[in-house]
Amino acid sequence: MLAQQILNALTLGAIYSLIALGYTLVYGILAMINFAHSEVLMLGAFTALGLATFAPAAFGSGPSALAAMFVAGMAAAGLVNVVVERFAYRPLRAVSRLAPLISAIGVSIVLQNGVFLWISTQSLSFPRPVVIGQISLFGASVSSLQLVILGAALGLMGLLHFFVESTKMGKAMRACADDISTAGLMGIDADRVIAVTFFVGGALGGAAGVLYGMNYGSIKYNLGFLPGAKAFTAAVLGGIGNIRGAVLGGFILGLLEVLACGYIPDGAQWRDVIAFTVLIVVLLVRPSGLLGEKMAEKV
Amino acid sequence: MSEKAPAMLSLDDVHAIYGKKIRALKGVSLEVRAGEVVALIGNNGAGKTTMMKIIAGLLKPEKGRVTFQGRDLAGLPPHRIMRMGLSLVPEGRRIFPRLSVMENLEMGAFCRSEKDLSREYDHVFHLFPVLGKRRCQLGGTLSGGEQQMLAMGRALMAAPKLLMLDEPSMGLAPVVVDKIFEIIGLINKEGVTVLLVEQNAKRALRAAARAYVLETGMVAVAQDAATLLKDPAVRKAYLGLD
């Protein structure tokens with residue numbers, strides 16, 4: 001029972017973490033909350049569904065179809081995020097800090113309504129290209145789907161870690177997060193780094209969208225809202241702008257929710273309340289989050 | 001007309017507004033020729049840092065022209081100007097605090113396509129041995145003097161043609177200031193042209209061949225550094241000597 005609960009928590013937490021990374025990467029550089037991120041992940045899920053619906057033959061079935069859905073969902077979400085940044089945020093960057101934020105809320109409404117009007121107002125069933133069975137693990141019977149979700153999420157986090165720590169572009173991202181105008185003095189094109197950041201963050205969101213679809217078996221135009229808001233909570237909980245914090249916050253939030261469902265009477269009804277209570281408590285007690293650092297003094 | 005080398009960097013009647021309405025520069029013209037060390041001295045608020053920011057592309061001049069090696073810099077963003085060989089070590093050093101020393105240096109070489117930069121690293125560690133000992137430390141944990149060395153080393157990683165230093169001695173112990181000025185001399189001997197902004201006028205004038213004195217946004221004096229060191233008015237106003 002507990003093992004199953006923990007796996008549920010890890011699965012949910014992994015999805016939150018992936019989404020939270022998208023918020024935190026963007027915030028780290030621009031100190032801006034990309035409120036359209038929840039729609040970006042929704043579009044990732046719809047793209048993967050579109051691929052599975054309209055071109056099922058081209059990608060076969062099983063793992064290759066799964067991989068194709070991931071690639072399509074991630075690429076589409078990344079690209080949407082890049083386009084949104086280019087046209088809805090960048091022109092406003094110099095105006096004020098509030099302007100891009102409001103623009104982001106506008107983009108979120110436009111994207112959500114776009115899908116609502118042109119694609120579907122209803123839940124659409126989401127394919128699961130891998131055969132789902134029960135596997136016995138540490139004495140618990142667990143769903144193989146959960147292992148796929150967890151494995152994919154952890155793999156992507158590993159890739160992100162490698163990218164940010166070890167590649168030239170990843171280091172440039174961190175340099176921009178430290179001091180964007182000095183990064184320009186190093187010959188770093190900050191606009192390009194920002195675009196890459198939006199692509200990476202969007203792609204992780206797209207992956208989370210696909211995982212979300214597979215986990216629940218159906219997707220809807222407004223699917224991004226709740227996980228987006230919770231992942232944002234997770235990012236704040238971990239310390240927004242901090243990559244490890246986003247991962248930690250996602251898993252903690254997943255754990256809290258699942259435990260609440262399992263151990264509090266009628267807990268399932270309270271699960272959403274828990275996330276946002278956590279947000280409020282964290283903001284009151286530790287506004288910079290668990291791993292959040294006070295920004296280094298820039299003398 | 002003269003036998004002087006052509007200007008590497010020239011400012012022609014540059015005007016700038018700082019903040020909303022402070023006229024920081026009111027028609028500054030100056031030249032830096034290849035191979036020189038030129039000092040720019042002046043009091044707080046004279047417009048020295050504004051001028052450096054304009055040259056580096058961080059601020060746009062309201063009027064006037066900045067040319068580097070014959071190319072007009074108007075409208076170019078900082079990263080493009082830097083790639084032409086004009087590096088600024090900004091006031092307050094501005095190293096990346098959450099990047100290690102090695103990563104800071106690597107960012108300095110961001111625009112270089114070579115895979116193997118070991119010669120550049122060796123050069124920087126030769127000039128600043130202490131950085132070699134601190135390779136893996138985060139930039140933010142270095143002392144002020146070490147940060148200044150890192151900021152200079154980082155700029156040198158790009159092999160600039162013209163190195164601009166904004167207040168390199170600010171807040172540093174005299175021993176460290178000696179070291180910094182010694183390195184400025186060395187770098188210049190290696191062929192790098194230097195434009196140096198300093199409040200520490202005595203040091204700057206000793207290190208430079210020529211100097212400009214900036215007063216309330218205008219060039220008040222342009223002269224050989226050695227002559228300025230002896231100039232009674234300059235001695236009184238900037239060197240604290242009678």
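The values are calculated or read from the model by the stated rules, or taken from the named source; none is laboratory data. None of the values given here were measured: they were computed from a predicted structure. Neighbour counts are summed over all protein chains in view; Cβ atoms, including those assigned to glycine, are modelled from backbone coordinates with ideal geometry.
Here are a few things to note about the model shown:
- Selection count where residues are closer than 20 Å to B:Asn188 by Cα, more than 11 Å from every other protein chain (Cβ to nearest Cβ) and buried (at least 22 other Cβ atoms within 10 Å of the Cβ), scope the stretch B:100-135: 2
- Candidates B:Leu88, B:Leu76, filtered to the one that is hydrophobic (A, V, I, L, M, F, W, C), touching a strand residue (DSSP E or B) at 6+ places or on another chain (Cβ under 8 Å), closer than 30 Å to B:Lys48 by Cα and within 14 Å of chain A (Cβ to nearest Cβ): B:Leu88
- Helices (runs of 4 or more DSSP H) wholly inside the stretch A:152-219 that include at least 1 residues being closer than 17 Å to A:Ala77 by Cα, out of contact with any Gly (no Cβ under 6 Å at 6 or more places or on another chain) and within 14 Å of chain B (Cβ to nearest Cβ): A:190-216
- For the stretch B:17-28, the tally of residues that are touching a strand residue (DSSP E or B) at 6+ places or on another chain (Cβ under 7 Å), aliphatic (A, V, I, L, M) and over 16 Å from B:Met164 (Cβ atoms) stands at 2.
- Which listed residue, of B:Pro97, B:Pro61, is within 12 Å of chain A (Cβ to nearest Cβ), part of a loop (DSSP other than H, G, I, E, B), more than 26 Å from B:Ala207 (Cβ to Cβ) and of a type outside the set (Asp, Glu): B:Pro97
- Hits in the stretch B:59-73 (condition: in contact with a strand residue (DSSP E or B) (Cβ under 7 Å, 6 or more places away or on another chain) and closer than 21 Å to B:Thr49 by Cβ): B:Leu59, B:Pro61, B:Glu62, B:Lys63, B:Gly64, B:Arg65, B:Val66, B:Thr67, B:Phe68, B:Leu73
Residue-wise test of (1) of a type in the set (Asp, Glu); (2) at pLDDT 95 or above; (3) farther than 20 Å from A:Ala183 by Cβ.
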| site | (1), (2), (3) |
| --- | --- |
| B:Pro97 | no, yes, no |
| B:Leu105 | no, yes, no |
| B:Arg112 | no, no, no |
| B:Leu117 | no, no, no |
| B:Arg134 | no, yes, yes |
| B:Glu146 | yes, yes, yes |
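- Yes/no for A:Gly267 being touching a helix residue (DSSP H, G or I) at 6+ places or on another chain (Cβ under 6 Å) and either within 14 Å of chain B (Cβ to nearest Cβ) or surrounded by 20 or more Cβ atoms within 10 Å (Cβ to Cβ) (or both): no
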